[in-house]
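The values are calculated or read from the model by the stated rules, or taken from the named source; none is laboratory data. Please read all numbers here as calculations on a predicted model, not as lab measurements. FYI the Cβ positions are ideal-geometry reconstructions off the backbone, even for glycines, and counts take in every protein chain you see.
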Amino acid sequence: MEAAARSEAGAALLEASAVAVEIGGTPILHSADLRLRAGELVAVVGPNGAGKSTLVRAVSGLQRPSAGAVRWSGLDLDGLRGRDLARRRAFVPQRMQVPAGVDVREAVTVGRSSHLRPLRRLTGADRAGVERAMERARVTRFAGRSLTTLSGGELQRVQIAIGLAQEAPVLIADEPTSQLDLGATIAVAGLLRELADDGLGVLLVVHDLALAAAVADTVVVVSAGRTVADGAPARVLTPRRLTDVWGADAHLTGRAGRTALHVAWLPRGDVRAP
């Protein structure tokens, strides 16, 4: 069964409606919405400063909303704290702190903290969970290496493994490919799509519209602090919307898994000699 079909059949893991956020008295989000089901990958896109990262931090419980509603499996976010929230969602930030002297397995073990009672040591089940997370993120082969020796793509997969070790039904990744080269971007994007196909709910913030169209079941477009569109990539990322939201003369071609963004980089007639 395809991910989209599975998600239609299941209840929402996450629902956010009319979410508003103020930071230091400045409104950042005015009214943003999104919905995520199991087996679905939702990509949040929009221009710089639109409020994408603020939205995912708000629904994750990392930034307090000033208005609106956020529900995790029907439960209000306001009523979830600490371990209860950590068992519902794992959050992968844009950049990973890389302390010296810490290896990959030790870092991934941190993801089990929501399963541990105070002063309790790792159980056999916890250690097995760490190994499963590393295997799913394909970092087992360098489990003993120091974090400081890893490439950007390897570090990003370690971050995903830390999230997977929580064994939460939702993985949220905030611009996980923003500083990666093409090969690493493909690897990370493919991993996130695979996790959604395996039944995880994946919420992804991304700048690359061709990437979003290739891997996402649903695209949520945020502009000036508001959700202005959501739906299947081909229906949402139209040439008109690319002009209205990004000010770009551009269009997408292709289908899920293989897409291209065609952009008019220069004004018509401005052809430069080699």
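Below is a table of values for the structure above.
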{"item": "Failed item, numbered, when Arg141 is tested on (1) under 22 Å from Glu194 (Cα atoms); (2) free of Cβ contacts under 8 Å to residues at least 60 places away in the same chain; (3) in a loop (DSSP other than H, G, I, E, B)", "result": "(3)"}
{"item": "Residue satisfying condition, being β-branched (Val, Ile, Thr), more than 14 Å from Pro169 (Cβ to Cβ) and at pLDDT 95 or above, within set Val102, Val19, Val98, Val92", "result": "Val19"}
{"item": "Hey, Arg138 surrounded by 17 or more Cβ atoms within 10 Å (Cβ to Cβ) and under 19 Å from Pro176 (Cβ atoms) or not", "result": "no"}
{"item": "Pair list, Cβ under 6 Å, 6 or more apart: the stretch 22-37 residue assigned by TED's automatic domain parsing to the domain that holds Thr54 and in a strand (DSSP E or B), other residue among the aliphatic types (A, V, I, L, M) and surrounded by fewer than 20 Cβ atoms within 10 Å (Cβ to Cβ)", "result": "Leu29/Ala20; His30/Ala20; Ser31/Ala18; Arg35/Ala12; Arg37/Ala12"}
{"item": "One residue from Arg255, Arg226, Arg235, Arg240 being within 21 Å of Ala58 (Cβ to Cβ) and charged (D, E, K, R)", "result": "Arg226"}
{"item": "Residue check for Ile172: outside any strand (DSSP E or B) and out of contact with any Cys (no Cβ under 7 Å at 6 or more places or on another chain)", "result": "no"}
{"item": "Helices (runs of 4 or more DSSP H) within the stretch 50-132 that include 3 or more residues outside the structural domain of Gly201 (by TED's automatic domain parsing) and out of contact with any Leu (no Cβ under 6 Å at 6 or more places or on another chain)", "result": "104-109"}
{"item": "Every residue from the stretch 166-193 that is among the β-branched types (Val, Ile, Thr) and under 21 Å from Gly111 (Cβ atoms)", "result": "Val170, Ile172, Thr177, Val188"}
{"item": "Residue identified as touching a strand residue (DSSP E or B) at 6+ places or on another chain (Cβ under 8 Å), buried (at least 20 other Cβ atoms within 10 Å of the Cβ), of a type outside the set (Asp, Glu) and not assigned by TED's automatic domain parsing to the domain that holds Gly111 among Val188, Val202", "result": "Val202"}
{"item": "Unique residue being assigned by TED's automatic domain parsing to the domain that holds Ser113 and of a type in the set (A, V, I, L, M, F, W, C) when the list is Ile160, Ile172", "result": "Ile160"}
{"item": "Unique match (being under 20 Å from His207 (Cα atoms) and among the charged types (D, E, K, R)) among Arg145, Arg95, Arg105, Arg127", "result": "Arg95"}
{"item": "One residue from Ala260, Ala264 being surrounded by fewer than 15 Cβ atoms within 10 Å (Cβ to Cβ) and without any contact (Cβ under 8 Å) to a residue 24 or more places away in the chain", "result": "Ala264"}
{"item": "Tally of residues being part of a strand (DSSP E or B) and at pLDDT 90 or above across the stretch 227-274", "result": "16"}
{"item": "Residue in the stretch 200-218 that is farther than 25 Å from Glu135 by Cα and assigned to a strand (DSSP E or B) present", "result": "yes"}
{"item": "Which numbered condition Arg193 misses (of (1) among the charged types (D, E, K, R); (2) over 18 Å from Arg37 (Cβ atoms); (3) buried (at least 20 other Cβ atoms within 10 Å of the Cβ))", "result": "(2)"}
{"item": "First in the stretch 227-246 and more than 14 Å from Gly46 (Cβ to Cβ), second anywhere and in a strand (DSSP E or B) and of a type outside the set (A, V, I, L, M, F, W, C), Cβ under 7 Å, 6 or more apart", "result": "Gly231/Thr218; Ala232/Thr218; Pro239/His251"}
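Condition check ((1) touching a helix residue (DSSP H, G or I) at 6+ places or on another chain (Cβ under 6 Å); (2) aliphatic (A, V, I, L, M)) across all residues:
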{"position": "Arg64", "(1), (2)": "no, no"}
{"position": "Gly68", "(1), (2)": "no, no"}
{"position": "Ser73", "(1), (2)": "no, no"}
{"position": "Arg88", "(1), (2)": "no, no"}
{"position": "Val92", "(1), (2)": "yes, yes"}
{"position": "Glu131", "(1), (2)": "no, no"}
{"position": "Glu135", "(1), (2)": "no, no"}
{"position": "Ser146", "(1), (2)": "no, no"}
{"position": "Leu155", "(1), (2)": "no, yes"}
